[in-house]
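Just so it is clear, none of the values below were taken in a lab; they were calculated from the coordinates. Since this is a predicted model, take the numbers as computed values, not measurements. Cβ sites come from the backbone with ideal geometry, for glycine too, and all protein chains shown count toward neighbours.
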Amino acid sequence: MRVWMAPQGLHIEPAQVRDAEALTKLHAAGFYRGWGQEDFAAYLADATRTPAYIACDARRRIAGFIMLRLIGEEAEVMTIAVDRKWRRKGIGAALMHAAFEDLAAMRARKLFLEVAADNAAAIALYRGHGFAEVGRRDGYYRKPDGTAATALVMSRTLG
């Protein structure tokens, strides 16, 4: 099993099916429409197509995670979430670096993601890691108040 060092005494390792409940809770805390535990379990069971990585301590308490989807020579960041108490400590950046390193060993040559246009912190993280805006999807997200939000489509070359 590959392991990467992360800030604050954490490390990053591949997620496992047993992490589905923890990832569900973390995702729900960070997103208006969190995914169900069954969805996470299904994705985690198919690590060759949807690899995921967790940032955790020695006792496997999860501070954040990133989940990818691989499709031929392209990859997508399906979701990334960091527990509120661990934000702004380099955890998201460490997760991205681990994902980039693993993707470099695979066939993926381009990485895509969608992010809410009003999520300045996430956009800054992505731009700082070489992502550039390549498109917009108006009305892509629904906010808690029912209004529509625009998604930016961003990409970067891998390898």
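The residue among Leu70, Ala99, Thr50 whose Cα reaches farthest toward the positive pole of the charge dipole of region 30-100, with charges on the beta-carbon of Lys, Arg, Asp and Glu, is Ala99. Computed across region 1-53, the Kirkwood hydrodynamic radius from all distinct Cα-Cα pairs reaches 11.9 Å.
Expressed in nm to one decimal, what extension gain is obtained for the pair Arg18 and Glu74 from 0.36 nm per residue of sequence separation less their Cα-Cα distance? Let's see the in-between values first.
Working: separation 56, 0.36 × 56 = 20.16 nm, distance 2.71 nm.
Difference between extended and current length: 17.4 nm.
Of the Cα atoms belonging to region 54-94, the radius of gyration and Dmax stand at 12.0, 36 Å. Between Ala132 and Tyr32, the distance separating the two model label sites (each 7 Å from Cα on the Cα→Cβ line) works out to 3.0 nm. Taken about its Cα centre, region 20-159 carries a charge dipole of about 420 debye when Lys and Arg each add +1 at the Cβ and Asp and Glu each add -1 at the Cβ.
Region 45-78 and region 1-19 have Cα centres lying 10 Å from one another. Taken over the alpha carbons of the chain as equal point scatterers, the Debye sum produces base-10 log I(q)/I(0) values at 0.09, 0.11 Å⁻¹ of -0.27, -0.41.
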